[in-house]
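Okay, so here's the structure we're looking at.
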Amino acid sequence: MEYEAVIGLEIHAQLLTSSKAFCSCSTKFGAQPNMNTCPICQGMPGTLPVFNKRALEYTIKMALACNCSINGISRFARKNYYYPDLPKNYQISQYELPVSEHGWVIIETEQGPRKIGITRIHMEEDAGKLVHDERNPVSYVDYNRTGVPLIEIVSEPDMRTPEEASSYLKTLHSILVYLRICDGNMEEGSFRCDANVSVRPVGTVEFGTKTELKNMNSFKNVQKGLHYEINRHTEIVREGGRIIQETRLFDPTSGATVSMRSKEQAHDYRYFPDPDLLPLRVDEEWITEIKNGLPELPAEKKERFIKDFGIPPYDAGVLTASRELAEYFEEVVNYFNNPKLVSNWIMTEFMRVLKADESSVKDSLVKPAQLAELLRMIEDGKISGKIAKTVFDEMWATGFSPDKIVLEKGLLQVSDTSELESIISKILDDNPAEVKKYLDGKTQVVGFFVGQVMKASKGKANPGLVNKILSEQLSKLSA
Ligand SMILES: [Zn+2]
């Protein structure tokens, strides 16, 4: 019997507000432990939360971008559980009345686009962090993260393969970053994902028993964890065994998942409306205002790039994966209207140095106007594509204009016909054996001559002109 997987994802994204969800403490990552705390986020008795409106605005942005409906009234609820990183012994979350529901996004798969449903997007606060001392038998607690606003995005169980799950994650990640409401940093935990997975015989409707995979901190680990878990489920079910509903942890070192605890049910948390916080009312006017302020999202941008710039879908996908990169591309094209050449340069040279330096687009010393200038020099035949790469590296390191670098380093392309003619005739004179080969019909030896000319000109000879003069001189010899 054939089995298929059923996957649903829960994403937690930290919102980029400057203060926490229910107090005025800073949300800045990397501060000294417990520096960003106050009696409210430390859970002291007698304190009262004050809700951060910006967190609601950001949540509505995401909800609209994911085609969700916004509930006019929503409520905060207490999710009760005990853990040392949760000083109040409850987390403020939303339960029966989330701020938004019933959305969808389109993801790219190898079989084409697929629509994935979104059950709900709700707000909650983050918990603190336990730090375990490797050498001593003690653990510390850091409450800096306590109370940082989060949204939880719950998908429908619409995904069937780990690849689809990964594509869905990337889609949501890129929307969040485009909206500038989350920095998307998976290593620092500002974008995290849990997966619910089960298997069932192909063609059946009923779901199998699911397990939950916790906190996989990279796109790759999500795929690996799901692959492992799906295989584990399938093997058990095939042999007539039963899946235990539980929470499991993916171990990136072994590539396996291990049991963590039996899965809690919602009723274990004793959710109830938070009496310290009034229901939230969102009026239509504000929703419209937020909607009108939404930026162009990755999928729309990609379509527009294909249509307006005539670049291949692959290029458009790479360029629009990041909003900064897409904006950079558009600016270069503004100065130099050859979108395919611009796209090639950004996808190869520009992205290569970005990656090597772990640098960001906005920190790049090569400004769009300068890259455009460089590309124009190639088009005008002033420098070869190969030399341009050297010039580009220099621009990247110094921030100088290509003009200045080319002049100072004497890199202008040699397009002087008489100069090239004399170089070429000298090379033909110096290599009689190779010339004889050519005359004997071994025309591939032309490549050798071109190489010699490039070497003699230190890579500056205009390749088109070299080929032309070379074939003229060789055909004279064979006449
Ligand atoms: Zn605080």
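General remarks:
- Top-ranked residue of segment 161-187 - restricted to ones that are of a type in the set (Val, Ile, Thr) and out of contact with any strand residue (DSSP E or B) (no Cβ under 7 Å at 6 or more places or on another chain), ranked as nearest to Phe29 (Cα to Cα): Ile181
- Look at (1) surrounded by 13 or more Cβ atoms within 10 Å (Cβ to Cβ); (2) touching a Pro at 6+ places or on another chain (Cβ under 9 Å) and you find that Arg232 fails only one, number (2).
Yes/no matrix, rows are residues, columns are (1) among the basic types (Lys, Arg); (2) surrounded by fewer than 19 Cβ atoms within 10 Å (Cβ to Cβ):
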| residue | (1), (2) |
| --- | --- |
| Val282 | no, no |
| Glu289 | no, yes |
| Pro313 | no, yes |
| Arg323 | yes, no |
| Ile346 | no, no |
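- So Val406, is it at pLDDT below 85 and in contact with a helix residue (DSSP H, G or I) (Cβ under 8 Å, 6 or more places away or on another chain): yes
- Spans of strands (runs of 3 or more DSSP E) in segment 105-210 with at least 1 residues touching a Gly at 6+ places or on another chain (Cβ under 7 Å): 112-125, 139-142, 149-155, 191-201
- Hey, Asn196 under 22 Å from the mean Cα position of the chain (by Cα) and within 22 Å of Ser93 (Cα to Cα) or not: no
- Residue in segment 247-268 that is assigned to a loop (DSSP other than H, G, I, E, B), at pLDDT below 95, among the polar types (S, T, N, Q) and surrounded by 11 or more Cβ atoms within 10 Å (Cβ to Cβ) present: no
- Residues that are surrounded by fewer than 18 Cβ atoms within 10 Å (Cβ to Cβ) and either under 20 Å from Pro463 (Cα atoms) or among the aromatic types (Phe, Trp, Tyr) (or both) were ranked within segment 435-444; the one that is farthest from the chain's Cα centre (by Cα) is Thr443.
- If you go through segment 1-47 and keep only what is among the charged types (D, E, K, R), modelled with pLDDT under 95 and within 16 Å of the ligand (Cβ to nearest atom), you end up with just Lys28.
- Looking only at segment 48-69, and only at residues there that are within 15 Å of the ligand (Cβ to nearest atom) and assigned to a loop (DSSP other than H, G, I, E, B), the one that is surrounded by the most Cβ atoms within 10 Å (Cβ to Cβ): Asn52
- None of Ile40, Ile11, Ile73, Ile92 is under 22 Å from the mean Cα position of the chain (by Cα) and either closer than 30 Å to Ile290 by Cα or surrounded by 20 or more Cβ atoms within 10 Å (Cβ to Cβ) (or both) except Ile11.
The values are calculated or read from the model by the stated rules, or taken from the named source; none is laboratory data. Here the structure is a predicted model, which means the values were calculated and not measured. Note: ideal-geometry Cβ built from the backbone for every residue, glycine included; neighbour counts use all protein chains shown.
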